[in-house]
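Below is one structure; the comments refer to it alone.
Every number in this text was worked out from the coordinates using simple rules, so none of it is lab data. Quick caveat, the model's predicted, so the values are computed rather than measured. Note: ideal-geometry Cβ built from the backbone for every residue, glycine included; neighbour counts use all protein chains shown.
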């Protein structure tokens, strides 16, 4: 598929999903707007936390050499496939009344959902960032070593140098956060008007047999993910023209 | 730091003997050019001197010391370019020297002007042409004020005008007091730049002479063959 056809396919998909989403939101049902708003808040908060911690962690792992590093890299890669329900159970145990963080009273709150999604997103972003930065590091290491660049400075330079490639890592994290259902269901409880997000609402409405609402919510979800991907793709294309 | 004395240097990357008991002594002035056929170990020697690889045997003494006490810089055949501005690609290399931001900025602007890239200081380094990239790499090395500058075929794949610009910069860096040790395949460039020539073959220094003497009358058969444009396999085939 050439570039023009690929762009057309993106536009058609965006228009179809966007129109469906618009039709739903045009009703201005405050409950739906609330669900969409909370979904975005939880996922973007988790993405921010995952990115702020995951990128430096991945960069540090890429430039560091210490005993056990390989095992850590393998473990981090394995955590990319961590089942969300497992994360949900672990966060539930930590936040439940008898758990170590029970005194904060966070269970069944949006904060608990942000914590669970952050735990899912962080290893994914760190693992992808580690691979991207390690490839750059192998190219730059001889000159950095001769110049006398320290590890911390190297981490900063590599993060700046790979900033456009690292959008892939953050996009992967966003995709995981937005589409996740198991963990937020367990730690959020799917409480209407408080912790109900798009994925948990879709699961609930489907089980109730309201497929139309499920499909429309799915369209909104897809539109958001597709829109963000289009923006990221455009940014990457612009950056490769502008910065080489 | 000088004289730089190399004794019995051996290196076998991937089990293949490339340097086999190499001896060499270099003074701290001028431009020394390393000549030799592909695979003769020119780049390997430069990387060993830069400390980027461990030797399998032999010693390198820097004015009697095991480590160089002056600054050392190297420009690679394909220099690294960060996806940052031309200015930032020089400036970052001055951070480890503990200079203030104003000093780093002033020194960066100075060297960029000297290599003719001041007008491109804000452009992205990855968008420069091959010749401009090599000039930027030289500016980065120059800004570090090295005592020894190692150049690994700095004009390979450059056109004549870009080559001329790079050679002018190399001469200016020498005038600034840096010792330059460079490898090249280009006999014309060696004639134009070299104060002395080190000819490598069979993992050793076959000749180390002043440039004038080397080009007037090469002593070894390998050097004579190299200058006549004959390759080792060709000699073996003919004989």
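Axis of helix B:101-114 versus longest Cα principal axis of chain B: the two differ by about 60°, to the nearest ten degrees.
Shown for segment A:120-244 is the translational diffusion coefficient from the Stokes-Einstein equation, using the Kirkwood radius over Cα pairs, a temperature of 20 °C and a viscosity of 1.002 mPa s: 124 µm²/s. When the P(r) is computed for chain B, the part past 28 Å accounts for 34% of the Cα-Cα pairs. The packing ranking of peptides B:75-86, A:81-92, highest mean first, is B:75-86, A:81-92, where packing means the average number of other beta carbon atoms within 10 angstrom of each residue.
Shown is the FRET efficiency for residue A:211 and residue A:93, computed with R0 = 25 Å from the Cβ-Cβ distance and rounded to the nearest 0.05: 0.15.
A simple spin-label model places the labels of residue A:40 and residue A:66 4.0 nm from each other, with each point 7 Å out along Cα-to-Cβ. Here r is the Cβ-Cβ distance between residue A:237 and residue B:220 and R0 is 51 Å; the resulting FRET efficiency, rounded to 0.05, is 0.40.
I want to check the label-to-label distance for residue A:145 and residue A:52. Put each point 7 Å from Cα in the C-beta direction and report it in nm to one decimal. Between residue A:145 and residue A:52, the simple spin-label model gives 3.6 nm. Using the Cβ-Cβ distance between residue B:204 and residue B:97 with R0 set to 35 Å, the FRET efficiency from 1/(1 + (r/R0)^6) comes to roughly 0.45. Cα-based radius of gyration for segment A:3-243, normalised by 2.2 N^0.38 Å, reads 1.14.
Compared with the dominant principal axis of the Cα atoms in chain B, helix B:130-143 is inclined by about 80°. For segment A:78-94 and segment A:100-146, compute the distance between their C-alpha centroids and round to whole Å. Answer, in whole Å: 15.
Using the empirical formula 2.2 N^0.38 Å as the baseline, the Cα radius of gyration of the protein assembly as shown reaches a ratio of 1.31.
Distance from the alpha carbon centroid of segment A:175-228 to that of segment B:136-189 works out to 62 angstrom. Just report the Cα centroid separation between segment A:229-244 and segment B:69-107, whole Å. Cα centres, segment A:229-244 to segment B:69-107: 27 Å. Of the residues B:94, B:128, B:52, the one that moves most in a GNM of chain B with alpha-carbon contacts below 10 Å is B:52. Taking a point 7 Å from the Cα of residue B:185 along the Cα-to-Cβ direction, the residues of segment B:139-156 with backbone N closer than 20 Å to it are B:151-156. Ordering of A:159-168, B:217-226 by packing is A:159-168, B:217-226, highest average first (other Cβ atoms within 10 Å, averaged per residue).
Rounded to the nearest angstrom and listed largest first, the equivalent-ellipsoid semi-axes of segment B:85-196 from its Cα gyration tensor are 24, 17, 10.
Axis angle, to the nearest 10 degrees, between helix A:110-147 and the longest C-alpha principal axis of chain A: 20 degrees. Averaged over peptide B:73-85, the number of partner chain Cβ atoms lying within 10 Å of each residue's Cβ comes to 4.
For peptide A:137-145, the mean count of partner chain Cβ atoms within 10 Å of a residue's Cβ comes to 4.
Is it possible to state the helix-based mean residue ellipticity at 222 nm for the protein assembly as shown, with each DSSP H run of 4+ residues giving -39500 (n - 2.57), the sum divided by total residues, to the nearest 500 deg cm²/dmol? What is it? Helix contribution divided over all residues of the protein assembly as shown: -19000 deg cm²/dmol.
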